[in-house]
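*Asks:* The structure is given below, and queries will be raised subsequently.
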Amino acid sequence: MNGYKRITPTELDGNVFRMIGEDWMLVTATDAKGGVNTMTASWGGMGILWGEPVCFVFVRPQRYTHEFTESGDKVTLSFFGGGNRNVLNYCGSVSGRTTDKIKNAGLTKVVTDEGAVGFSEAKIIISCSKLYSDKLKKECFHEAALLNNYRNNDFHTVYVYKVEGVYTKNEL
């Protein structure tokens, strides 16, 4: 990818708690037909599972991106390093179902070596392929207070993705 350096997952330098929870990320999914949609996320994580570097993300069923994560196998996580908050706010509040939010946000698509779509404005792009998905279940919660996040019983689908490529801007 032009302008990016490919690194291994273990070379990724950053606090994932800050990157995801404070700086946020764009989760960009490609569906089975090649269509692309993105959404802002501040829930998720990274680690090792089944001997593989993985990330996991959560998508509510009413989100347009859910259709893409369900039908396709590729996603990227795009991190802007605390910058572009206006883009992240926009992509988290407008549906791609009714508008071309990628274009309207001023984002430029870039395709990873693995065929997933990220954005050239991102400082870090993590390219992934789907390993597992399941819907969160009410009966599996051990802390009842967490159910306050699901007053409409719209439980997230959790997706576990294998990290296939990590790209950082050359200037990092």
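The values are calculated or read from the model by the stated rules, or taken from the named source; none is laboratory data. Everything numeric here is computed off the predicted structure, so don't read it as measured data. Every residue, glycine among them, receives a Cβ derived from its backbone with ideal geometry; neighbour counts consider all protein chains shown. The accessibility values were calculated without ligands, DNA or RNA, using every heavy atom of the protein model including side chains. Shrake-Rupley method; radii C 1.70, N 1.55, O 1.52, S 1.80 Å.
*Asks:* Rank E52, E67, E114 by accessible area, highest first, at a 1.4 Å probe radius?
*Replies:* E67, E52, E114
*Asks:* Taking Cα atoms of the stretch 59-172, Rg/Rh with Kirkwood Rh, to two decimals?
*Replies:* Rounded to two decimals, Rg/Rh equals 1.00.
*Asks:* Same structure, new question: Please work out the FRET efficiency for the pair Y90 and V111, using the Cβ-Cβ distance as r and a Förster radius of 25 Å; give the result to the nearest 0.05.
*Replies:* That gives a FRET efficiency of 0.65.
*Asks:* Each residue of the stretch 65-79 in order: what ³J(HN,Hα) in whole Hz does its phi give by Karplus 6.51 cos²θ - 1.76 cosθ + 1.60, θ = phi - 60°, with x for Gly and Pro?
*Replies:* 4, 4, 4, 6, 5, 6, 8, x, 10, 10, 9, 10, 10, 10, 10
*Asks:* Here is a follow-up. With a 1.4 Å probe and all protein chains kept in place, how do F79, F56 rank by accessible area, largest first?
*Replies:* F56, F79
*Asks:* Tell me, what does the Kirkwood hydrodynamic radius of the stretch 7-135 come to in angstroms if you use every pair of distinct C-alpha atoms?
*Replies:* One over the average 1/r among Cα pairs gives 14.7 Å for the stretch 7-135.
*Asks:* If you take the charge dipole of the chain about its Cα centre, with +1 on Lys and Arg Cβ and -1 on Asp and Glu Cβ, which of V54, C91, S120 is farthest toward its positive end?
*Replies:* Projecting each Cα onto the dipole axis, the largest value belongs to C91.
*Asks:* Starting from the residue with the highest accessible area, list S127, S93 in decreasing order, probe 1.4 Å.
*Replies:* Result, largest first: S93, S127.
*Asks:* I'd like to check one number: the per residue accessible area of the chain, probe 1.4 Å, reported in Å² as a whole number.
*Replies:* Per-residue accessible area for the chain comes out at 52 Å².
*Asks:* Looking at the chain, which longest stretch skips every one of the trypsin sites (Lys or Arg not before Pro) that is in a DSSP loop with at most 15 other Cβ atoms within 10 Å, leaving the sites themselves out?
*Replies:* For trypsin sites (Lys or Arg not before Pro) (loop position, at most 15 other Cβ atoms within 10 Å), the longest site-free span of the chain is 34-96.
*Asks:* Now for a different question. Distance from a point 7 Å along Cα→Cβ of K135 to each backbone N in the stretch 17-59: keep the residues under 14 Å and list them by number.
*Replies:* 59, by backbone N distance to the label point.
*Asks:* Still on this structure, I have one more. In debye to the nearest 20, how big a dipole does the chain give about its Cα centre with +1 on each Lys and Arg Cβ and -1 on each Asp and Glu Cβ?
*Replies:* Taking the Cα centre of the chain as origin, the dipole is about 400 debye.
*Asks:* Something else about it: At a 1.4 Å probe radius, carbon and sulfur cover how many percent of the accessible area of the chain?
*Replies:* Exposed carbon and sulfur together represent 49 percent of the surface.
*Asks:* Same structure, new question: Over the chain, with a Gaussian network built from C-alpha contacts below 10 Å, which listed residue (Y64, Y90, Y150) shows the highest mean-square fluctuation?
*Replies:* Result for the chain, Cα springs under 10 Å: Y150 fluctuates most.
*Asks:* May I ask which of K137/K169; K123/K162; K103/K137; K101/K162 have a Cα-Cα span longer than 32 Å here?
*Replies:* As for pairs spanning more than 32 Å Cα to Cα, those are K137/K169; K103/K137.
*Asks:* Scaled to the compact-protein estimate 2.2 N^0.38 Å, what is the alpha-carbon radius of gyration of the stretch 1-58, rounded to two decimal places?
*Replies:* 1.28
*Asks:* Would you mind calculating the gained length between N152 and E52 on full extension (0.36 nm times residue separation, minus the Cα-Cα distance), in nm to one decimal?
*Replies:* 32.6 nm
*Asks:* In the full protein assembly as shown, how much of W43 is accessible to a 1.4 Å probe, in Å² to the nearest 10?
*Replies:* The accessible area of W43 comes to roughly 110 Å².
*Asks:* Go ahead and run the numbers for FRET between E11 and S42, Cβ-Cβ distance against an R0 of 25 Å, rounding to 0.05.
*Replies:* Using R0 = 25 Å, I get an efficiency of 0.55.
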